[in-house]
Structures are given as C-alpha cells and as structure tokens.
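This report concerns only the one structure given below.
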Amino acid sequence: MSTRDALIAHLLEHSIRTGDFTLKSGRKSTWFCDAKQTACRAEGILLVADAALVEIEALDAAAANEGVGPITAIGGLTAGADPVAFGIAAVAASRGRFLRSFSIRKESKDHGVGGRLAGALLPGDRVVITEDTVTRGTSPLEAASVVRALGAEAVAVLPIVDRGGTCGAAAGEEGIEFRPLVTAPDLGFPYEGP
C-alpha cells in the first residue's frame, strides 16, 4: 500500500464521521473530518509527514529551478496547524531535513514578547502553511497574511484534507500554491463547496 493510500485509510478509520453535522460556517453536512485524530496519533503523523515531505521536496526542486531558496519553515493558525506543523518538522529533522516550526495565535498576546507569532519563524523564511482540514481556506490564508506581515514568504498551503474544494483558487489569487495531501473525493465524499 502506498503512503497516500495508507494515509487515506487512516483518515477513514480515525478522522471521518458520518451523520448530521453543523459546520463552522453554519452549513449542514452528512460527514465531518477531524483530521487531528490522524495528526495526533504517532502512526498518523508519520504518514502525514511522509506525504508532506514529498510535497516539500517538490517545492524545493521548483525553487531551485527558479533560483530561489528551499522551504525553511512550516506552521499556521493555531490549533489546526499545530500538530501538523510540529509533527512534520520533527519527522523531517529525524531525516536530516531541518524546518523551523511556528504557530500563529488567533489574537495578539499583550505580555511577554507579544504579537501573534509563537515559534521560530524568521524574516525571509520561505514557508509552508499547514492545516489539518480546510473547507474555504480562511485559516491558512489568515496565517499567510500574518507570515507576510512578519517578513516571510508564504509559498504553499498544505492541508491534510481539502474538504471544500475552494481553497486552491483562493490561495492561487494570493500567489500561493495549494497542495492538499488528500481531498474529499479521495475519501469518497463530494466537496462541500463555498
């Protein structure tokens, strides 16, 4: 079984629920994806990291062809991105590929160092924005905006699951690549749409 097939099987077993659900948007759905149930299991995050690192290597190869540097950091909006970014960075480091990881707070902190950044993002970093599941793409695009404001470049949005089918177009409008590891149709469901 390929890594991608194993990731799909893991998601179907641990992260997908069917029934009647109300989504964050208020819309109704007959299925729900809690990809943290995959990202927060050791065998699940290894599958996620394997698939993500293939995508990051492809981004690095494209960057080399364009004469720019490789991806140097990975992160996104808390809490959807946290286990994904930190897990991928840890697995990558165990393989000799070092990525700084970070989290973007939903609101600025007014004590300590303050601001929305928690972690090791630096100005000039080339960044992959992660997320567990995207429907419309609001969270990763908000994270990308903060990353840009901090002087780094959001290169790609890389969710575990693209549930909605519209984030790619929204990311593209901002000049950001969209690289979902798995899509709703891969899991046997239609996209939720906007």
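The values are calculated or read from the model by the stated rules, or taken from the named source; none is laboratory data. Bear in mind that the values here come from a model prediction, so they are computed numbers and not experimental data. Note that we place each Cβ from the backbone using ideal geometry, even for glycine, and neighbour counts take in every protein chain shown.
State all residues of the range 14-37 that are under 18 Å from residue 84 (Cα atoms) and either surrounded by fewer than 16 Cβ atoms within 10 Å (Cβ to Cβ) or not β-branched (Val, Ile, Thr) (or both); if no residue qualifies, say none.
In the first step, residues of the range 14-37 are kept if they are under 18 Å from residue 84 (Cα atoms); the result is 14-16, 33-37.
14, 15, 33, 34, 35, 36, 37 - these are the residues of the range 14-37 that are under 18 Å from residue 84 (Cα atoms) and either surrounded by fewer than 16 Cβ atoms within 10 Å (Cβ to Cβ) or not β-branched (Val, Ile, Thr) (or both).
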*Give the residue that is modelled with the highest pLDDT, with candidates limited to residues of the range 1-47 that are hydroxyl-bearing (Ser, Thr, Tyr) and part of a helix (DSSP H, G or I).*
38
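So which of 66, 57 ends up being within 21 Å of residue 2 (Cβ to Cβ) and charged (D, E, K, R)? Explain how you work it out, then say what you get.
Values: 66 fails: within 21 Å of residue 2 (Cβ to Cβ).
Result: 57 is the single residue among 66, 57 that is within 21 Å of residue 2 (Cβ to Cβ) and charged (D, E, K, R).
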_Scope the range 17-48; condition under 15 Å from residue 180 (Cβ atoms) and of a type outside the set (S, T, N, Q); matching residues_ = 33, 35, 39, 47, 48
_Checking residue 81 against (1) farther than 13 Å from residue 130 by Cα; (2) touching a Gly at 6+ places or on another chain (Cβ under 8 Å), the condition it does not meet_ = (1)
*Looking at (1) under 20 Å from residue 186 (Cβ atoms); (2) at pLDDT 95 or above; (3) surrounded by 20 or more Cβ atoms within 10 Å (Cβ to Cβ), which is the one condition that is false for residue 85?*
(1)
*If you scan the range 121-149, which residues turn out to be in contact with a Leu (Cβ under 8 Å, 6 or more places away or on another chain) and of a type in the set (S, T, N, Q)?*
130, 135, 139
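Just one of 44, 67, 75 is of a type in the set (Gly, Ala, Ser) and either within 20 Å of residue 192 (Cβ to Cβ) or surrounded by fewer than 17 Cβ atoms within 10 Å (Cβ to Cβ) (or both); which is it?
On the way: 44 fails: either within 20 Å of residue 192 (Cβ to Cβ) or surrounded by fewer than 17 Cβ atoms within 10 Å (Cβ to Cβ) (or both); 75 fails: either within 20 Å of residue 192 (Cβ to Cβ) or surrounded by fewer than 17 Cβ atoms within 10 Å (Cβ to Cβ) (or both).
Step by step, each of 44, 67, 75 is checked, and only 67 is of a type in the set (Gly, Ala, Ser) and either within 20 Å of residue 192 (Cβ to Cβ) or surrounded by fewer than 17 Cβ atoms within 10 Å (Cβ to Cβ) (or both).
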*May I ask you to list the residues in the range 164-188 that are part of a loop (DSSP other than H, G, I, E, B) and over 17 Å from residue 4 (Cβ atoms)?*
164, 165, 166, 174, 175, 176
*When residues of the range 168-193 are limited to those that are of a type outside the set (Asp, Glu) and surrounded by fewer than 14 Cβ atoms within 10 Å (Cβ to Cβ), the one modelled with the lowest pLDDT*: 193
_Pair list, Cβ under 6 Å, 6 or more apart: the range 15-31 residue farther than 14 Å from residue 164 by Cα and touching a residue at least 40 places away in the same chain (Cβ under 8 Å), other residue small (Gly, Ala, Ser) and in a loop (DSSP other than H, G, I, E, B)_ = 15/35
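Please pick out the residue among 147, 157, 128 that is in contact with a Cys (Cβ under 9 Å, 6 or more places away or on another chain) and among the β-branched types (Val, Ile, Thr).
Details: 147 fails: in contact with a Cys (Cβ under 9 Å, 6 or more places away or on another chain); 128 fails: in contact with a Cys (Cβ under 9 Å, 6 or more places away or on another chain).
Going through 147, 157, 128 in turn, the sole match is 157.
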